[in-house]
Structures are given as structure tokens and as C-alpha cells.
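Undergrad: The structure that follows is given in the form of C-alpha cells.
The values are calculated or read from the model by the stated rules, or taken from the named source; none is laboratory data. Bear in mind that the values here come from a model prediction, so they are computed numbers and not experimental data. Ideal geometry is used to build each Cβ from the backbone, glycine not excepted, and the neighbour counts take in all protein chains shown.
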Amino acid sequence: MTIKSALIVDDSKSARIMLQRLLEKMNVITLGVESAEEALTYLENQHPDIIFMDHMMPGMDGLEATQTIKRNPKTQGIPTIMYTSKEGDGYNTLAMSHGASGVLPKPANQQAVMAVIDSLQNTAANDVPEKAPQMDAHQVSLETIEKMIQQRLNNSVLSAKAEISAGLDGVSHQLLQTQQERLTIAERSLKQQLTPIKISLSELGNDSVLFKRLQPHMQKQMMVIADRISRQKVDALNKQQQAKIQAIEERQNNLLLEIAKQSNSAMFKGMIGGAILGAAIGVSAVLFL
């Protein structure tokens, strides 16, 4: 079927732009809208050859919009392709039951767009059958044949270039999405790390909470200081006791020395007195005799 114009309905701007680029490379005029309601308003006066419809959108979703388009006699002949990240046989069946003509998975590439268009059996809504010129085989010149071959080669080259360019766009889009997902994860992780810090900072502004948090540390510090002070006092008392004991021992030694001196003096005096008494007794005895 010949596709000359397309309507893209998607609330994602990047998805719309990506599909528009792919279709424009196929010489398809495109228009993008961001909601199903806006698409229905557009279809009241316009008649595109094909519609690419996103599934998940704010307000009316894509399946409901497709069903509405198929119920309207003015638009029921326009093939509608679901342009969505949902896939699988179950979803394809669901889409067909709502009037969709096919499903184009996200992110799309040139080959997938061409395949989904080629899969449409009916002609486009605005197709005008062209009468093929009658040409006698004998009248076809060699130059005409060369032109036909050259035209097909050019079309093949253009198609290959379009596929390569679309593939690059698809890879760029995937890389961008991956980078955005990583940034989102990093932002969430950073927020999770900042939340307890913010709570702690807010608690520090409350004097009672700050005192409660610091109280165990203050008690530990006070116990350490008290232990140091008690140890210092004990050490001072021990020094004092040692000094007193040393003084007592010195006094005791001095007393012992004094007693020893007095004992020696008394013994010396006793010996002298005894000698004198003995001598006196001897002298008396001689006198009496």
C-alpha cells in the first residue's frame, strides 16, 4: 500500500520524533500529537493514510482511541498501528480486537516500520489506483531498461541508507534511555542518602534532641574524667602514706639508735660502778683485817 501521510499519537516527545524521522526517510509526511483526544479532534477534518497509536497515555488510552476511530464511518478505513513497548501474542490479539491493524514495538527501526506497513493488505485510505501504461514489449528500448534498473538500484541504496540511519537513531535512542535510567537510579540513591542526613541536621536544631543524643557521650566522658581524678587522688594518697610510713620508719630507727646508745652508756656506767664498788669492798676488807 502507498503511504504518503501519517498521524503519530504519543505523549512521549522523543518517541514521536524518532518515528517521524523514520517515516520521513520513506517520504511520508507526518504529524505528531500527544493525546488521543487531540488525535480525534484532528481526524474530524483531516484524513491521514495511517495512524500510529501509543497505548499508555494520560486520559483516553490508545486502545480506546483506536476503537473510537473504527466506530466512526469517516475514519474506520484508516489503518491504526499500535506503537507501544507492549508485545506478545496476547497483546497482539487484544490490539486486533479493538480494531488495530498491527503492532509496532518500541523502540522502532526502519525495517520494523517497513514490515508493519507492508503487512497491511488493504490500500491506504487515500490511495488512488493508477492505470499502468500499456507498453509493448518490443517497444521497450535498452535505455528504458537501464533506467529501470538504475532506478531500482537507487531505491535499494536509499532504502539501505534509511535502514542504517534508522538503526543509528534507534541505538542512540536506546543509549539515551539507558543513560536517563542510570541518572534516575543515581538520583534516587542520592536522595535516599540525603534523607537521613537531612533528618539528622533537623534534629541537631532541637536542643532537647541534641542533648539526648550527646548525653551518652557526655556521661562516658564524665566517667573517664572522674576515673582520672580518682586515680590522681589515690596516687596522691599513696604518696602521702608512703611519706608518712617512711617518716615513722626513720623515727623508729632513730629511737632504736638512741636506745642502743643509752643501753651502752648504762652498761658502761654499771661496769665502772661495779668496779669502784668492788675496789671499795676490797679496801674495806683489808682495813678490817
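Undergrad: With (1) touching a helix residue (DSSP H, G or I) at 6+ places or on another chain (Cβ under 8 Å); (2) surrounded by 17 or more Cβ atoms within 10 Å (Cβ to Cβ); (3) hydrophobic (A, V, I, L, M, F, W, C) as the list, and Met56 as the residue in question, which single condition is left unmet?
TA: (2)
Undergrad: Still on this structure, I have one more. Looking only at segment 37-59, which residues are touching a Pro at 6+ places or on another chain (Cβ under 9 Å) and not in a loop (DSSP other than H, G, I, E, B)?
TA: Tyr42, Ile50, Ile51
Undergrad: Inspect segment 73-83 for any residue being outside any loop (DSSP other than H, G, I, E, B), surrounded by 15 or more Cβ atoms within 10 Å (Cβ to Cβ) and either among the aromatic types (Phe, Trp, Tyr) or at pLDDT below 90 (or both) and give the result as yes or no.
TA: yes
This table checks each residue for (1) of a type in the set (S, T, N, Q); (2) at pLDDT below 85; (3) assigned by TED's automatic domain parsing to the domain that holds Glu24; (4) in contact with a strand residue (DSSP E or B) (Cβ under 6 Å, 6 or more places away or on another chain).
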| site | (1), (2), (3), (4) |
| --- | --- |
| Lys161 | no, yes, yes, no |
| Ile164 | no, yes, yes, no |
| Leu175 | no, yes, yes, no |
| Gln192 | yes, yes, no, no |
| Gly205 | no, yes, no, no |
| Asp227 | no, yes, no, no |
| Gln232 | yes, no, no, no |
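Undergrad: If you don't mind, another one. Out of (1) at pLDDT 65 or above; (2) in the same structural domain as Leu23 (by TED's automatic domain parsing), the odd one out for Gln221 is which?
TA: So the condition that Gln221 fails would be (2).
Undergrad: Further question on the same structure: Restricting to segment 1-36, name every residue that is hydroxyl-bearing (Ser, Thr, Tyr) and in contact with a Pro (Cβ under 9 Å, 6 or more places away or on another chain).
TA: Matches in segment 1-36: Ser5, Thr30, Ser35.
Undergrad: Moving on to the next point. Let me confirm something: among Asp49, Asp89, which residue is under 19 Å from Ser119 (Cβ atoms) and at pLDDT below 90?
TA: Of Asp49, Asp89, the one residue that is under 19 Å from Ser119 (Cβ atoms) and at pLDDT below 90 is Asp89.
Undergrad: Let me ask something additional. Looking at segment 125-137, is at least one residue within 29 Å of Ala15 (Cβ to Cβ), modelled with pLDDT of 65 or more, out of contact with any His (no Cβ under 8 Å at 6 or more places or on another chain) and not in a helix (DSSP H, G or I)?
TA: Looking for residues that are within 29 Å of Ala15 (Cβ to Cβ), modelled with pLDDT of 65 or more, out of contact with any His (no Cβ under 8 Å at 6 or more places or on another chain) and not in a helix (DSSP H, G or I), one finds none in segment 125-137, hence no.
Undergrad: Just to check your reading of the model, which residue among Lys13, Lys86 is surrounded by 15 or more Cβ atoms within 10 Å (Cβ to Cβ) and assigned by TED's automatic domain parsing to the domain that holds Val116? So that I can check it myself, show each step before the final result.
TA: Details: Lys13 fails: surrounded by 15 or more Cβ atoms within 10 Å (Cβ to Cβ).
The unique qualifying residue is Lys86.
Undergrad: So which residues in segment 21-35 are farther than 18 Å from Gly102 by Cα, buried (at least 16 other Cβ atoms within 10 Å of the Cβ) and touching a strand residue (DSSP E or B) at 6+ places or on another chain (Cβ under 6 Å)?
TA: Val28, Thr30, Gly32, Val33
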